[in-house]
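Read-outs throughout are calculated quantities, based only on the coordinates presented, and are distinct from any laboratory measurement. Keep in mind the model is a prediction, meaning the values are calculated, not measured. Neighbour counts run over all protein chains shown; Cβ positions are idealised from the backbone, glycine included.
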Amino acid sequence: MKAITLRGVPPEVARTIQRKAHETGESLNKVVIELLEAGAGARKKKGKKIVHHDLDDLAGAWSREEAAAFDRSLGDQREIDSDLWK
C-alpha cells in the first residue's frame, strides 16, 4: 500500500482522530484510513458497521406512501390555533 505523510493537520482534527482511536481501541493509522474511506465514499460494505452521528443516512429512505402517511399523522399538530396568536 501507498504511504502518505500529512503535514499541517489542524490540532482539532488531530485530537478528534486520537479520541476516536482511544474510544475504539484501534490504531491511529486505522482510524485515519477509515475516515478517509468514509469521506471519499469508498467505505467497504462488509466488516465493521457504519455508525452515523447525524440523520444523513435516513434522507430519502421512505417511500412516497410512508412519507404521505407520516404527513397525515402530523396533520393535527400542524393546525394553527388562532386564539394563541392574538
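By per-residue mean of other Cβ atoms within 10 Å, what is the highest-first order of 24-37, 73-86? Please report the intermediate quantities before stating the final value.
Details: 24-37: 13.4, 73-86: 7.0.
With the highest mean Cβ count within 10 Å placed first, the list reads 24-37, 73-86.
Take the Cα of residue 29, step 7 Å toward its Cβ, do the same at residue 7, and the gap between the two points is 2.2 nm.
Rounded to the nearest 0.05, what FRET efficiency is calculated for residue 36 and residue 15 with R0 set to 22 Å and r the Cβ-Cβ distance? Can you show the working numbers first?
Details: r = 17 Å, r/R0 = 0.79.
Approximately 0.80, to the nearest 0.05.
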